[in-house]
Amino acid sequence: MSLRDFHPRDSHDRYSMYTGTYVASAEDHISWSYEGPTGPKYWADLKLGGQNQCGLQKQSPIDIDVLKTRYDGSMSQLYFKSYDKATPNITIVNTGHSIQLNSPNWRQSVSGGPLPGSFNLLQMHFHWGKDSYRGAEHTVNGRRYPLELHMVHSQAAEPGHSASGRLAVIGIFFDLTEGESNAGLQKITQVIRDMRTHDSVDLRGALSPGELLPGTKHFFTYQGSLTTPPCSEVVTWLVLRDPLKINERELALFRTTLFENNRTMVDNFRPIQMLNNREVISSFVTASSSSLLASLPLMIISAILCSR
């Protein structure tokens, strides 16, 4: 997930809640990329005024090993407010690291699941690869999809309280199809062809974020971080199981954009990070959890017999 350079509790001159962007001061000299001496291997060494968390233990993205996830039947479904409402005045921006959708008119929010309250939509952006065998940031059982969309949300402040700085990010995979791409995605790729480095173009017409959502009943969740410097560990991830569709023609349009160094923008994804002591929770019964549920009666009977 790219908020570009974000620090959650800093003052408004250093963090814009509209763009989700950490604003570097002159002395920060932030420069990072996806390759070479400023690539992911060296992000933990970046001088970010004590804000760099790229070397800590709860980093993202991760590989989701489905058989090792834990099903939580007590977790509610996710609730999406106004995601079916068309949003006007959307600007598509080449940030130099990704393609990002901004609007002063976002009114959408998500709640439920593992979230402690309501989270308001800030922006959306994409990660993709040089070819169609890579591009997404998260992997599932080692498989990497060709494109991943991140819908970035910030926790809504309670009355009389300041913002917590917590984020909720919905990760949405795109899988290859020989047919038509997702209709919402087509609205975006129609204007990407007009973009170069740091360009911004207006979306033609309106877009409802719900057009970019597959089924939301099945998802994985864990505690993690931003996937770009400073890699702040403030994110509740909601990775949807079911992918949307994209064809090779639409993928090729993403690859026409340029990084801030004027090189072709591809492989803008961070390598997989260690899970360490974290747990990935699923909203649905997986093969491992169904096996556990099936064995529970026998375990209970065995425990009763052993206690006699």
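Rundown of residues vs (1) among the hydrophobic types (A, V, I, L, M, F, W, C); (2) touching a residue at least 60 places away in the same chain (Cβ under 8 Å); (3) surrounded by fewer than 22 Cβ atoms within 10 Å (Cβ to Cβ), yes/no style:
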site: Glu211; (1), (2), (3): no, no, yes
site: Gly215; (1), (2), (3): no, no, yes
site: Phe219; (1), (2), (3): yes, yes, no
site: Leu240; (1), (2), (3): yes, yes, no
site: Asn247; (1), (2), (3): no, yes, yes
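Considering (1) at pLDDT below 55; (2) more than 30 Å from Gly210 (Cβ to Cβ), the lone condition that Tyr42 does not fulfil carries the number (1). For segment 45-94, residues that are of a type in the set (D, E, K, R) and without any contact (Cβ under 8 Å) to a residue 60 or more places away in the chain total 3. Screening Pro114 with (1) within 24 Å of Leu207 (Cβ to Cβ); (2) touching a residue at least 40 places away in the same chain (Cβ under 8 Å) gives one miss only, at (1).
With respect to the conditions (1) surrounded by 15 or more Cβ atoms within 10 Å (Cβ to Cβ); (2) more than 22 Å from Ser109 (Cβ to Cβ), Ile170 lacks only one, and its number is (2). Scanning segment 59-84 for residues that are on the phi < 0 side of the Ramachandran plot, of a type outside the set (A, V, I, L, M) and more than 18 Å from the chain's Cα centre (by Cα) yields a total of 11. Any residue at all in segment 271-280 that's surrounded by 13 or more Cβ atoms within 10 Å (Cβ to Cβ), modelled with pLDDT of 95 or more and not aliphatic (A, V, I, L, M)? Among the residues of segment 271-280, at least one is surrounded by 13 or more Cβ atoms within 10 Å (Cβ to Cβ), modelled with pLDDT of 95 or more and not aliphatic (A, V, I, L, M), which makes the answer yes.
Name the strands (runs of 3 or more DSSP E) wholly inside segment 79-125 in which the number of residues that are touching a strand residue (DSSP E or B) at 6+ places or on another chain (Cβ under 6 Å) and more than 23 Å from Gln190 (Cβ to Cβ) is 2 or more. Break it down stepwise before answering.
Working: elements: 91-94, 99-102, 109-112.
Correct list: 109-112.
For Arg144, the conditions (1) out of contact with any helix residue (DSSP H, G or I) (no Cβ under 9 Å at 6 or more places or on another chain); (2) among the basic types (Lys, Arg); (3) surrounded by fewer than 17 Cβ atoms within 10 Å (Cβ to Cβ) are fulfilled apart from (3).
Looking only at segment 150-161, decide whether some residue is surrounded by fewer than 15 Cβ atoms within 10 Å (Cβ to Cβ), part of a loop (DSSP other than H, G, I, E, B) and at positive phi. The answer is yes, given that some residue of segment 150-161 is surrounded by fewer than 15 Cβ atoms within 10 Å (Cβ to Cβ), part of a loop (DSSP other than H, G, I, E, B) and at positive phi. With the requirement that a residue be touching a helix residue (DSSP H, G or I) at 6+ places or on another chain (Cβ under 8 Å) and assigned to a loop (DSSP other than H, G, I, E, B), what does segment 192-223 give you? Arg193, Leu203, Arg204, Gly205, Ser208 - these are the residues of segment 192-223 that are touching a helix residue (DSSP H, G or I) at 6+ places or on another chain (Cβ under 8 Å) and assigned to a loop (DSSP other than H, G, I, E, B).
Residue pairs whose Cβ atoms lie under 6 Å apart, sitting 6 or more positions apart in sequence or on different chains, and linking a residue in segment 131-159 that is within 20 Å of Leu115 (Cα to Cα) to a partner that is among the hydroxyl-bearing types (Ser, Thr, Tyr) and at pLDDT 95 or above, are Ala156/Ser118.
The values are calculated or read from the model by the stated rules, or taken from the named source; none is laboratory data. Keep in mind that this is a model prediction, so the values were computed, not measured. Cβ atoms come from the backbone with ideal geometry, glycine included; neighbour counts cover every protein chain shown.
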